[in-house]
Each structure stands twice: as structure tokens, then as C-alpha cells.
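The structure under discussion appears below in the form of C-alpha cells.
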Amino acid sequence: PRLRLPILELALPALKQRPSEQISYLFELLTKLRALDATPRLFDFVLVRVLAAFLPTAGGAPRSAAQHRAAPPNARTAIRTLLTTVAAFGHDNAAGARAAYAAGLAALGWPAERDSDPSFEPPAAARDLDRLDAALVALVSLRPQHKQRLLRSLLATIHADAKIALAERELFRVIAATLDCPLPPGDDL
């Protein structure tokens with residue numbers, strides 16, 4: 001599993017050389033494969049998002065029917081969704097996910113919102129890839145300095161427990177790629 005993203009990175013230059021019709025067909029196939037799974041898998045999401053970020057002829061990642069109907073969240077809600085998702089994928093217990101989420105908020109200088117912050121009971125309930133995708137779409141237009149600040153807060157979320165899970169690593173990479181934002185200096189993922 002740790003080699004999936006490096007292998008994808010090795011394949012990207014060759015994929016960029018393919019005609020746009022083949023890239024469109026690739027996305028069509030990936031969308032159909034994702035639809036076959038009753039439970040969305042993180043790597044399927046990561047794969048489609050990374051390809052969409054690096055293959056400009058793809059026109060963005062395919063979106064689900066639910067995403068087409070939903071209004072995009074505001075930036076503040078979208079950022080909280082990113083922090084929630086990364087914290088949830090990085091922890092199997094609610095206390096650890098809450099601590100990671102709080103570390104991300106603290107890195108932004110934002111207070112906790114007791115009424116609207118996730119409970120992470122259980123953490124799997126906060127692992128919503130459709131909400132994550134909608135949040136990423138909403139944040140693409142952020143200014144570069146805000147994107148860097150967001151990535152630093154995600155790093156604080158990831159490093160809160162001093163362990164980096166593969167899911168956290170993949171999510172961080174796909175978020176940075178989707179936002180078209182270079183990794184912050186000193187990134188030690």
C-alpha cells in the first residue's frame with residue numbers, strides 16, 4: 001500500500017502524453033469502478049483526485065450525483081471538513097481524533113465550536129469522501145497564502161499523535177495536489 005502513490009507519480013508523465021479522449025475514458029472507467037463499491041475506499045478517492053490534479057485535460061475529478069445537487073460549503077465549513085476528515089482517517093478512537101482535530105484548529109488560531117464540532121463517535125462516521133470532495137472544490141479558489149496556512153494546520157492535525165498513518169499521508173498529498181499548492185517548507189511526511 002505504501003508504494004501506491006509513488007507508482008502513480010511514476011506513471012503520471014506517461015499519462016500526460018496520452019490523448020485527451022483516452023484520459024476522459026480513464027476517468028469514465030474510474031468513476032464506474034468507484035460506483036461498484038458499496039463502501040467508498042480512500043485510495044479510489046485519492047487516485048481520481050491526484051489524476052485530476054495532474055492531468056489538465058481531465059477537467060477535474062468526476063463528481064457524484066449527490067455532489068452535483070449540493071451547494072458548495074463556505075470556506076470555513078470546508079476547512080473544518082478537511083480537518084475532520086484527516087483526523088478521522090488518522091485515528092481509530094474518538095479521543096485521538098478529537099485531539100488531532102483540536103490541534104488543527106489551534107494551528108489556524110480558531111476556537112472550538114462545541115455545538116458544531118464533530119464528536120468522532122465513531123471516527124468512521126466522519127470519514128465522508130463526498131463531503132471531503134465538496135470541501136476541496138470549495139477551497140480551490142483560496143489565495144496561495146491561505147492554502148499554505150491550511151496545509152500547515154493539516155500537518156498539525158496529522159502530527160498531533162506523533163504517528164503518521166498511511167491514510168493521513170495519502171490525504172495530505174491529495175489535498176495539496178488538488179489545491180495546486182506546494183507542500184509547506186519542512187514537510188516531513
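The values are calculated or read from the model by the stated rules, or taken from the named source; none is laboratory data. Owing to the predicted nature of the structure, the values given are computational and were not obtained by experimental measurement. Here Cβ is always computed from backbone atoms with ideal geometry, including for glycine, and neighbour counts include all displayed protein chains. These accessible areas exclude ligands, DNA and RNA; they are computed on the full protein's heavy atoms, side chains included. Shrake-Rupley method; radii C 1.70, N 1.55, O 1.52, S 1.80 Å.
Points worth noting:
- Estimated [θ] at 222 nm from DSSP helical runs (n ≥ 4, -39500 (n - 2.57)) normalised by residues in the chain, nearest 500: -20000 deg cm²/dmol
- The ellipsoid equivalent to the alpha-carbon distribution of the chain has semi-axes of 27, 18, 16 angstrom, derived from the gyration tensor eigenvalues as √(5λ) and listed largest first.
- Centre separation in Å (Cα based) which lies between the stretch 131-147 and the stretch 9-31: 24 Å
- With every protein chain in place, the stretch 101-173: carbon and sulfur % of accessible area (1.4 Å): 52 percent
- Prolate/oblate/rounded label for the stretch 89-137 (Cα gyration tensor, a/c 1.5): oblate
- Charge-dipole axis of the chain as Lys and Arg at +1 and Asp and Glu at -1 on Cβ define it, positive-most pick from Pro123, Leu166, Leu15: Leu15
- Under the combined filter of DSSP loop state and at most 10 neighbouring Cβ atoms within 10 Å, the stretch 1-53 retains these trypsin sites (Lys or Arg not before Pro): Arg2.
- Cα gyration tensor of the stretch 94-189 - equivalent ellipsoid semi-axes, whole Å, descending: 20, 16, 14
- The mean sequence separation of alpha-carbon pairs under 8 Å and at least six residues apart, normalised by the residue count of the chain, gives a relative contact order of 26 percent.
- Degrees, to the nearest 10: 94-108 long Cα axis against longest axis of the chain: 90 degrees
- Taking the Cα centre of the chain as reference, the dipole from Cβ charges on Lys and Arg (+1) and Asp and Glu (-1) amounts to some 300 debye.
- Radius of gyration (Cα atoms) of the stretch 108-162, expressed as a multiple of 2.2 N^0.38 Å: 1.28.
- Counting only alpha carbon atoms, the long axis of helix 42-54 and the longest principal axis of the chain meet at about 60°.
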